[in-house]
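The next block holds one structure in the form of structure tokens; read it before the comments.
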Amino acid sequence: MAGRKPAMTFCVLFEVAKRMFPSDKVSWTRRTLCAGLFALILLPHPGSAAGGNATGPKSVSPLAMLTIHVLKVSPRGGDVRVALYNSQTYALDNADPVADAVVPAHPGETVVTLAGVKPGIYAVKLFQDFNRNGQFDMSWIGLPLEKYGFSNDARPTFSEPPFEATRFELRPGTNAIAIHLQ
């Protein structure tokens, strides 16, 4: 019965029970209960190996949840765009973040939550996207037109701060950091 879906397996077992107990001798309810019992015995159970042999509980690596309190959010509105990077992807311009989120900006403070992240060493980059175009807008001379921030409130000089200045440890369970927009 391995590889079959539970509902399909139950139907097959119901037909087997129907043949074992013809309708003139056993009621429909008894055949259904018998098929259900067969299904419980033959189908693998959650937490067991695919063959039905129990191997004990599966070891699940605990995940982390990161709550980011974004402070000094402008009343100009738009969205707050948050991206979480590891050391390999932080400095790359077009790298995909480990996790990201886009939430509506609330003046003063906006809270963003990233859930289901593997614990490790990370850095956060974020900005308030005033015009909701999905891009960090800069002037023609390269100055930021939108508010931005980094984990550890790291300040850029002529480019974004290095990973070492923005890194933090994300531990299993609930974590929280605060970032002030600049």
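The values are calculated or read from the model by the stated rules, or taken from the named source; none is laboratory data. This structure is a prediction, so every number in the text was calculated from the model and none was measured. No Cβ is skipped: glycine too gets one built from the backbone with ideal geometry, and neighbour counts run over all protein chains shown. Side chains are part of the model used for accessible areas, which takes the heavy atoms of the whole protein and leaves out ligands, DNA and RNA. Shrake-Rupley method; radii C 1.70, N 1.55, O 1.52, S 1.80 Å.
Here are some notes:
- Yes/no for Ser87 being among the small types (Gly, Ala, Ser), surrounded by 14 or more Cβ atoms within 10 Å (Cβ to Cβ) and at pLDDT 95 or above: no
- Residue match in region 128-145 (condition: open to solvent by less than 30 Å² (accessible area, probe 1.4 Å) and among the aliphatic types (A, V, I, L, M)): no
- Restricting region 63-77 to residues that are surrounded by 17 or more Cβ atoms within 10 Å (Cβ to Cβ) and under 24 Å from the mean Cα position of the chain (by Cα) leaves a set whose member that is nearest to Arg171 (Cα to Cα) is Ala64.
- Qualifying positions in region 103-113 - under 26 Å from Glu169 (Cβ atoms) and surrounded by 15 or more Cβ atoms within 10 Å (Cβ to Cβ): Val103, Thr110, Val112
- Residues of region 146-162 satisfying the condition of being of a type in the set (D, E, K, R) and surrounded by 13 or more Cβ atoms within 10 Å (Cβ to Cβ): Glu146, Lys147, Asp153, Glu160
- The residue list Ala176, Ala165, Ala95 contains one member that is assigned to a strand (DSSP E or B), of a type outside the set (Phe, Trp, Tyr) and open to solvent by less than 80 Å² (accessible area, probe 1.4 Å), which is Ala176.
- Among (1) open to solvent by less than 30 Å² (accessible area, probe 1.4 Å); (2) over 17 Å from Leu71 (Cα atoms), the one test that Gly116 misses: (1)
- A Cβ distance below 7 Å, combined with a sequence gap of six or more or placement on separate chains, defines the contacts here; from region 133-159, residues that are on the phi < 0 side of the Ramachandran plot reach residues that are surrounded by fewer than 13 Cβ atoms within 10 Å (Cβ to Cβ) and polar (S, T, N, Q) in the pairs Leu145/Ser139.
- Set side by side, the residues Ala49, Ala35 differ, and just one is at pLDDT below 95, open to solvent by less than 30 Å² (accessible area, probe 1.4 Å) and of a type outside the set (Val, Ile, Thr), which is Ala35.
- The lone exception for Lys125 - which of (1) part of a loop (DSSP other than H, G, I, E, B); (2) buried (at least 19 other Cβ atoms within 10 Å of the Cβ); (3) charged (D, E, K, R) it fails: (1)
- Residue check, Arg132 part of a loop (DSSP other than H, G, I, E, B) and in contact with a Gly (Cβ under 6 Å, 6 or more places away or on another chain): yes
- Filtered by the rule that a residue be within 15 Å of Val82 (Cβ to Cβ) and either of a type in the set (A, V, I, L, M) or touching a Cys at 6+ places or on another chain (Cβ under 9 Å) (or both), region 155-174 gives a lone residue, Leu170.
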